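Encoded as structure tokens, the structure appears first; notes follow it.
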Amino acid sequence: MNSLCSSNKLLLNPQFKAFIDEFRAISDASKQLSLEEGRKLSSQFFLSQAIYEDVESIQDLVILGRDENNIPLRIYNPCPSETLPTIVYFHRGGWVFGSVNDADPVCRKLANHFHCVVVSVDYRLSPENPFPKPLNDCYDATIWAASNIHLLGRKKDHLIVCGESAGGNMAAVVAHMLRNEHSIRLAAQLLLCPVISSSLNIQAFENSMDQYFLTKDAMQFFWSMYLSDKENRQNPYASPELFNDFSKLPPAIIITAEFDPLHIEANDYGDKLRKSGVEVIKKCVPQVIHGFIDLPIYDESQKNSWIKKIGNYLNQILLLKRNTI
């Protein structure tokens, strides 16, 4: 199943044009701030028009990571009386920005529209905590979720990793880690506008219609913050396209945006998975930019429509799994 991004025949959705202009102003202002102040400004900006859906149960707790560090989790359960799949979710933010609070609106939607328990992971941020610390937190949280599935969705064979942007990068890598190092088998990996390659496709950025939102300079900054050691740019645990073996990975749903410069590397990654025998669903959303799924200005009905479609893709994967057990 496949749907590639078209050429630039379609115009950028007008909602995003205004958003990009506003974002550029915020981005310019943040250059004069400390990193912590910039994080606060970013949160305020992206949450300024957020819609918070009601979820029947929301619980905050803290688990212990491998470095004796705290990993805060936020657990969303749309129907505690039912047995549901469990999604472990890694937020966006270029490994530098974001938190469970920033991801709160989208996680509420995922829980309600996917009808799944969602475990949102507040992984450590870079540059204070460079690679592999954020990744380790995501992995440790996934292991915790698998070990405590009876407290979550309770469907033991329906554990899914999901991430957006930098979170999508770590979701893809966690899928490799679990296959290589652990007996836990994921039901699926859901990658939303994922960052896949540390080798920037310069042409993709130069030709992108959202180059004023996700810019080449911004991606270079994010990678430099995450990978304090430049040698790690060739580490597949940072850049999952570099893995040698893509076989026996969980089914993948890869969602990209037409005007996202990262859609090419995400599409190529899906091809590598498919060539290795992995079930892959690839969908490109037209006329939208990177991270559209939880941008505050994207029309709520269109956003919910796409979340519902993604949920249907996930159900296809889970149904196939049930029929083959």
Item checked: Verdict on R66 being among the charged types (D, E, K, R), surrounded by 16 or more Cβ atoms within 10 Å (Cβ to Cβ) and at pLDDT 95 or above -> no
Note to self: Testing E56 on (1) under 21 Å from the mean Cα position of the chain (by Cα); (2) among the acidic types (D, E); (3) more than 30 Å from Q15 (Cα to Cα), one condition comes back false. Which one is that?
What the structure shows: (1)
Next item on the list: Filter region 269-325 for residues that are of a type in the set (V, I, T) and in contact (Cβ under 8 Å) with a residue 60 or more places away in the chain and give the result.
Entry: V280, I281, V288, I289, I293, I297, I307, I310, I317, I325
Notebook entry, point to check: Name the residues in region 301-325 that are among the charged types (D, E, K, R) and modelled with pLDDT under 90, would you?
Noted result: K321, R322
Check: Looking at (1) closer than 17 Å to E164 by Cα; (2) over 18 Å from the mean Cα position of the chain (by Cα), which is the one condition that is false for Q287?
Finding: (1)
Notebook entry, point to check: Is region 28-46 home to any residue that is of a type in the set (D, E, K, R), under 18 Å from T142 (Cβ atoms), surrounded by fewer than 18 Cβ atoms within 10 Å (Cβ to Cβ) and modelled with pLDDT of 95 or more?
Noted result: no
Checklist line | Among the candidates V117, V100, residue that is at pLDDT 95 or above and crowded, with 21+ Cβ neighbours inside 10 Å | finding: V117
Margin query: Quick check on this structure: which one of S81, S126, S120 is of a type in the set (G, A, S) and over 24 Å from L178 (Cα atoms)?
Written below: S81
Notebook entry, point to check: Considering E128, E164, which residue is of a type in the set (D, E, K, R), surrounded by 22 or more Cβ atoms within 10 Å (Cβ to Cβ) and within 20 Å of Y226 (Cα to Cα)?
Noted result: E164
Checklist line | Hits in region 222-232 (condition: buried (at least 17 other Cβ atoms within 10 Å of the Cβ) and either of a type in the set (S, T, Y) or under 20 Å from the mean Cα position of the chain (by Cα) (or both)) | finding: F222, W223, M225, Y226, L227
Item checked: Those residues of region 240-268 which are under 18 Å from the mean Cα position of the chain (by Cα) and free of Cβ contacts under 8 Å to residues at least 60 places away in the same chain, in sequence order -> E241
Margin query: Just the residues that are outside any helix (DSSP H, G or I) and of a type in the set (V, I, T), please, taken from region 251-274.
Written below: I253, I254, I255, T256
Check: Among the candidates E206, E181, E231, which residue alone is of a type in the set (D, E) and under 30 Å from I149 (Cβ atoms)?
Finding: E181
Checklist line | Subset tally (residues that are at pLDDT 95 or above and either in a loop (DSSP other than H, G, I, E, B) or closer than 29 Å to Y313 by Cα (or both)) for region 220-250 | finding: 17
Next item on the list: Give region 275-304 a look and list any residue that's buried (at least 17 other Cβ atoms within 10 Å of the Cβ) and assigned to a helix (DSSP H, G or I), or say none.
Entry: F292, I293, D294, K303
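The values are calculated or read from the model by the stated rules, or taken from the named source; none is laboratory data. On a predicted model such as this, the values are computed, not experimentally measured, just so you know. When we count neighbours, we look across all protein chains shown, and the Cβ atoms used for this are built from the backbone with ideal geometry, even at glycine.
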